[in-house]
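The values are calculated or read from the model by the stated rules, or taken from the named source; none is laboratory data. Small disclaimer: the values here were computed from a predicted structure and weren't measured. All Cβ positions, even for glycine, are placed from backbone atoms using ideal geometry, and neighbour counts span all protein chains on display. Accessible surface is based on the protein model in full, side chains and every heavy atom, while ligands, DNA and RNA are left aside. Shrake-Rupley method; radii C 1.70, N 1.55, O 1.52, S 1.80 Å.
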Amino acid sequence: MPVTNEKVFISPGRYVQGEGVTARAGHYVSALGKTALLIADDVVWKIAGEQLSASLEGEGVSFERAVFEGEASNREIDRLVELGRKQQADVIIGFGGGKAIDTAKGVAEKLEAACAILPTTASTDAPTSALSVIYSDDGEFESYRFYSKNPDLVLVDTGIICKAPPRFLASGIADALATWVEARAAIRANANNMAGGKATLLGATIGEKCEDILFEHAMLAYQANEAQIVTPSFEAVVEANTLLSGLGFESGGLAAAHAIHNGFTALHGEIHNLTHGEKVAYGTVAQLILDQTPQAELEEYLDLYIALGLPVTLKALKLDQASEEDLYRVAEAALKEGESSHNLAYELTPKQVVHAIKAVDAHARAFMAKVGLGE
Ligand SMILES: [Zn+2]
């Protein structure tokens, strides 16, 4: 029998953040291994590949670059494991966005190699966790894959991240805003966190702090990102999106927001062009409604999401043409056995989930009319 009162907190070995820290990558990676498999896509490589290469070579780390093919799938992980095995890599470097990062973690686990994560956007909280979200080759959510440890190093260069499109930062803010909404619900329900235990005080505090930082600095950070400059608010939000959100969800717990996101991935069509965070934003508002959040508080979230250009109407989510059947497909996927929707203090039916999805749209449109925003 599992012990039900066991508290667990987990985290990466080292977190480094700052403008220009890519130049220090060799210093940190060389402490983990000397032969690296570096997983990055071509776009990312163009942006900062030269800088990273120089830093690794300067510290005696030899590496081979593997081109990431775009999906965090079992097949892609297996393909890269073979490359790493041939090369006898002792450290795997994931350089890029959420899916490249999740793939690198899977490869490192299989090869029992060290893992260094260098995110080039602050668009998800994937970098710090000891799990990957696995998708089919067509991009449909399949499962969470859990690992024996978190990455050994997470190195975040805000000088690179401030050059990424602001849409990515907004997506990361949405992923990070879900953290406390979900963790507090899971804690209330005495559900397990993603580390397989109850939340520690630290795990809970991180999620709450993450939300405070975002309500205070999200817009300032977004504006800095538009201007491609690094400011203290930008640094704070990158840290909230990456470190606080990552530790907060993993050692706090997930609930309905991410389950509804996973449900959305079961649909085909234009919704696939939305980012992880954009779909999570919609799922978060749905969970807030199910949690019976008072109007004034709900509107604070809506206000921030709308200001950041995040989708809170069915139209913005590309689901205004969705059939009743489609919405039930989302709900049923969100309520699958093992999904985090069961971490709530109450049980949900598919109908309640469908109504919550429609309620997000109704409340968001009413709020926009109230504050004089057109659709
Ligand atoms: Zn997420």
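Exactly one of (1) in contact with a strand residue (DSSP E or B) (Cβ under 6 Å, 6 or more places away or on another chain); (2) at pLDDT below 95; (3) more than 16 Å from the ligand (Cβ to nearest atom) is unmet by THR265. Its number?
Unmet for THR265, out of (1) in contact with a strand residue (DSSP E or B) (Cβ under 6 Å, 6 or more places away or on another chain); (2) at pLDDT below 95; (3) more than 16 Å from the ligand (Cβ to nearest atom): (3).
Could we say that GLN292 is over 18 Å from LEU169 (Cα atoms) and open to solvent by 30 Å² or more (accessible area, probe 1.4 Å) here?
The answer is yes for GLN292.
What pairs can you find where one residue is in region 133-147 and closer than 19 Å to GLU270 by Cα and assigned by TED's automatic domain parsing to the domain that holds ALA104, the other is surrounded by fewer than 19 Cβ atoms within 10 Å (Cβ to Cβ) and at pLDDT 95 or above, and their Cβ atoms are less than 8 Å apart, with a gap of 6+ or different chains?
Sorted first by the residue in region 133-147, then by its partner, the pairs are ASP137/ARG75.
Open to solvent by less than 40 Å² (accessible area, probe 1.4 Å) and farther than 26 Å from SER132 by Cα: does that describe ALA257?
no
Could we say that ALA256 is in contact with a Ser or Thr (Cβ under 8 Å, 6 or more places away or on another chain) and either touching a residue at least 40 places away in the same chain (Cβ under 8 Å) or of a type outside the set (Gly, Ala, Ser) (or both) here?
Criteria met by ALA256.
Given the conditions (1) assigned by TED's automatic domain parsing to the domain that holds ALA104; (2) farther than 29 Å from GLY139 by Cα, report the number of the one that ASN5 does not fulfil.
With respect to (1) assigned by TED's automatic domain parsing to the domain that holds ALA104; (2) farther than 29 Å from GLY139 by Cα, ASN5 is out only on (1).
Of all residues in region 241-298, which are within 11 Å of the chain's Cα centre (by Cα) and not in a helix (DSSP H, G or I)?
Matches in region 241-298: THR275 only.
Among the listed residues ALA25, ALA31, ALA36, which satisfies the condition of being open to solvent by 50 Å² or more (accessible area, probe 1.4 Å) and hydrophobic (A, V, I, L, M, F, W, C)?
ALA31
Could you check region 320-338 and list, in sequence order, the residues that are out of contact with any helix residue (DSSP H, G or I) (no Cβ under 7 Å at 6 or more places or on another chain) and either open to solvent by less than 30 Å² (accessible area, probe 1.4 Å) or at negative phi (or both)?
ASP320, GLN321, ALA322, SER323, GLU324, GLU325, ASP326, ARG329, LYS336, GLU337
I'd like to know if region 59-67 contains one or more residues that are at pLDDT below 95, outside the structural domain of GLY253 (by TED's automatic domain parsing) and touching a helix residue (DSSP H, G or I) at 6+ places or on another chain (Cβ under 8 Å).
So far as region 59-67 goes, yes, one or more of its residues are at pLDDT below 95, outside the structural domain of GLY253 (by TED's automatic domain parsing) and touching a helix residue (DSSP H, G or I) at 6+ places or on another chain (Cβ under 8 Å).
Just for region 85-117: of the residues that are closer than 21 Å to ALA170 by Cβ and open to solvent by less than 10 Å² (accessible area, probe 1.4 Å), which one is nearest to the ligand (Cβ to nearest atom)?
Restricting to residues being closer than 21 Å to ALA170 by Cβ and open to solvent by less than 10 Å² (accessible area, probe 1.4 Å), the top hit is ILE101.
Within region 268-295, restricting attention to residues that are at pLDDT 95 or above and among the charged types (D, E, K, R), which residue is farthest from VAL154 (Cα to Cα)?
ASP291
Given the residues LEU327, LEU314, LEU310, LEU274, which is the only one that is within 16 Å of the ligand (Cβ to nearest atom) and without any contact (Cβ under 8 Å) to a residue 60 or more places away in the chain?
Result of the check over LEU327, LEU314, LEU310, LEU274: LEU274.
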